[in-house]
């Protein structure tokens with residue numbers, strides 16, 4: 001990453017402008033594809049001169065790393081904060097999914113690019129930090145599902161339920177449109193109800209059969 005200014009006011013301005021550049025790049029990559037997008041197209045989309053663009057990014061490849069870091073790092077913060085509460089596991093999951101959904105919608109173009117490119121770059125050492133963040137989030141989420149199961153709630157197969165939830169939340173980036181009438185909180189609640197409710201229905205059916 002290029003070195004930002006040292007003076008606080010200039011650094012703040014630089015960071016805001018860089019964040020805007022990254023958001024624009026994410027939208028362009030999501031629409032056109034990472035490999036199909038040239039530096040010239042990024043220059044045009046951001047409204048910067050080529051030299052100005054490189055003031056905020058080192059290269060097209062490192063730009064992709066930065067996009068994935070913007071996506072992954074807040075997820076760890078969110079799940080750490082949620083799990084640090086005394087709430088029961090089901091309540092923690094509902095709070096987590098609501099905040100997770102807000103993050104996915106806010107960075108939906110980042111998510112789309114991630115879905116398109118992660119498989120091809122995950123072994124690249126430049127993405128080690130991103131991979132570590134995602135692994136930590138996944139481990140914490142798996143543990144939360146296991147604690148729900150121990151509490152007698154959640155899907156009968158906690159691993160399948162976790163995978164289903166991850167798929168639903170991340171896929172939201174593909175179809176969600178602001179102003180569509182579906183609020184993030186409502187979507188999050190529906191996803192949790194699907195995952196948790198399926199387990200309750202199965203347990204109820206088993207109890208009735210016995």
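Residue 34 satisfies every condition listed in (1) in a helix (DSSP H, G or I); (2) in contact (Cβ under 8 Å) with a residue 40 or more places away in the chain; (3) closer than 20 Å to residue 174 by Cβ except (1). Of the residues making up the range 54-86, those that are closer than 23 Å to residue 187 by Cα and out of contact with any helix residue (DSSP H, G or I) (no Cβ under 7 Å at 6 or more places or on another chain) are 77, 80, 81. Show the residue pairs that are 6+ apart or on different chains and have beta-carbon atoms under 8 Å apart, the first residue being within the range 73-87 and in the same structural domain as residue 101 (by TED's automatic domain parsing) and at positive phi, the second being surrounded by fewer than 16 Cβ atoms within 10 Å (Cβ to Cβ) and assigned to a helix (DSSP H, G or I). Nothing qualifies. In the range 41-51, the residue that is surrounded by the most Cβ atoms within 10 Å (Cβ to Cβ) out of those that are free of Cβ contacts under 8 Å to residues at least 12 places away in the same chain, in a helix (DSSP H, G or I) and touching a helix residue (DSSP H, G or I) at 6+ places or on another chain (Cβ under 8 Å) is 43.
The values are calculated or read from the model by the stated rules, or taken from the named source; none is laboratory data. All figures in this text were calculated on a predicted structure; none of them were measured in a lab. We place every Cβ from the backbone using ideal geometry, glycine too, and count neighbours over all the protein chains shown.
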